[in-house]
1. Taking neighbour counts of Cβ atoms within 10 Å as a proxy for exposure, in what order, fewest first, do Asp291, Asp19 appear?
2. From the phi of every residue in the stretch 320-325, what ³J(HN,Hα) in whole Hz does the Karplus formula 6.51 cos²θ - 1.76 cosθ + 1.60 yield, where θ is phi - 60° and glycine or proline is x?
3. Give me the Debye-computed log₁₀ of I(q)/I(0) at q = 0.20 Å⁻¹ for the stretch 127-298, equal point scatterers on Cα only, no solvent, two decimals.
4. What is the distance in Å between the Cα centres of the stretch 279-306 and the stretch 219-235?
5. Order by neighbour count: Phe296, Phe208, fewest other Cβ atoms within 10 Å first, most last.
6. Test of understanding: what is the full-extension gain from Met93 to Ile286, defined as 0.36 nm times their sequence separation minus their Cα-Cα distance?
7. When ranked by the protection proxy of mean other Cβ atoms within 10 Å per residue, highest first, what sequence do the peptides 124-133, 156-165, 320-329 form?
8. Ranked highest first by average number of other Cβ atoms within 10 Å, how do 186-198, 2-14 line up?
Amino acid sequence: MVILGIETSCDETAAAVVDAERRILGEVVLSQLEEHRPFGGIVPEVAARSHLQHIDRLVAEAMKRAGLGFHQLDAVAATGGPGLIGGVIVGVMTGKALALASGKPFLAVNHLEGHALTARLTHGIDFPYLLLLASGGHCQLLAVEGVGRYTRLGTTIDDAAGEAFDKVAKMAGLGYPGGPLVEQAARVGDPARFTLPRPMKGKPGCDFSFSGLKNATRLLIESLPKPLSTQDGADVCAAFQIAVADSIADRTRRAIRDFKTRWPTGRHLVVAGGVAANTLLRQTLIRLGNDGGLEFLAPPLSLCTDNAAMIAWAGLERFRLGLVDGLDFAPRPRWPL
Ligand code: KG4
Ligand code: ZN
């Protein structure tokens, strides 16, 4: 079984071909980072136009790398949402057109389901497992019970973790995207010089919140002499990063307890999303997993961030259960799992 996947919901244009033996036969990801960098963030209109400009070529390239023709596919999957609607429309229309022209079924994949099922592509693990999804647009803890079966244990009540990293980087004058720049600055910073709040720590449930921490960081930066010295900036980043890691740790620790009680056969704690690149967060999650009796698994970074292999794989998982979509599928800007 071979599936083509298309991803266009944010600022990566991607196409990939995946088979049922968990092999990625051909894959391409084009980042739009340089197009958005001058604006300090993603501009939806720019993103949609760029997806439209590149998607045909990327699909052709992924198929070429796989060494396959369209007639050899079993189905075509595209991200159907959630995401920036202009981009989602481009991917969905491309997927539908290819499916129609080659006489194959079409699958509209929920982008979050793509992230949620990636560990089954990379590590072949069984359900159920606990997933922390932390990206620029999402921050959630999910019990992944099966294809299409997700129980949300916690979500952010305001900003996503990656979004907070990006905003703090902007405030500290570091640039975009913020996560890697904040992490890099924090490496030479003293995390103990400033103390920032640990949002939600000790609160019942597993929800996240980052806007209060973001504001506290802004006030801290405003209180420091301008222009911000490299050391002050590094110390702020270190204080912010450890506050995020502490807050996520508190929420994840609770989620592990909840998960182990409700899904006692589960054995893995899995991470996905761009924030999973953060070394401090990874170290924290490994420790939490060990303490809580779950093995920590992280897909390679290229499959944690947005990519089309995860969409092809989620499509494949759905296809083998007979879950195909009609060509009347309407792209969904919002689509909770
Ligand atoms: O999953 P992703 O590539 O795109 C989506 O948002 O869907 O995640 C990007 C987010 C950005 O907010 C970026 O700042 C954050 O992941 N990020 C990081 C790091 N690398 C990327 N956050 C913290 N530490 C990092 N090393
Ligand atoms: Zn994503």
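FYI, it's all coordinate maths here, none of it is from the lab. Everything numeric here is computed off the predicted structure, so don't read it as measured data. Please note: Cβ atoms are built from the backbone with ideal geometry, for glycine as well, and neighbour counts cover all protein chains shown.
1. Details: Asp291 10, Asp19 17.
Ascending Cβ contact count within 10 Å gives the list Asp291, Asp19.
2. The phi angles translate into 6, 9, x, 8, 9, 10 Hz.
3. Values, matching the q order: -1.24.
4. Distance between centres, Cα-based: 31 Å.
5. Details: Phe296 19, Phe208 27.
So the residues, fewest neighbours to most, are Phe296, Phe208.
6. Values: separation 193, 0.36 × 193 = 69.48 nm, distance 4.05 nm.
Length gained, Met93 through Ile286: 65.4 nm.
7. Working: 124-133: 20.6, 156-165: 23.5, 320-329: 12.9.
Descending mean neighbour count gives 156-165, 124-133, 320-329.
8. Details: 186-198: 16.4, 2-14: 28.3.
Descending packing order for the listed peptides: 2-14, 186-198.
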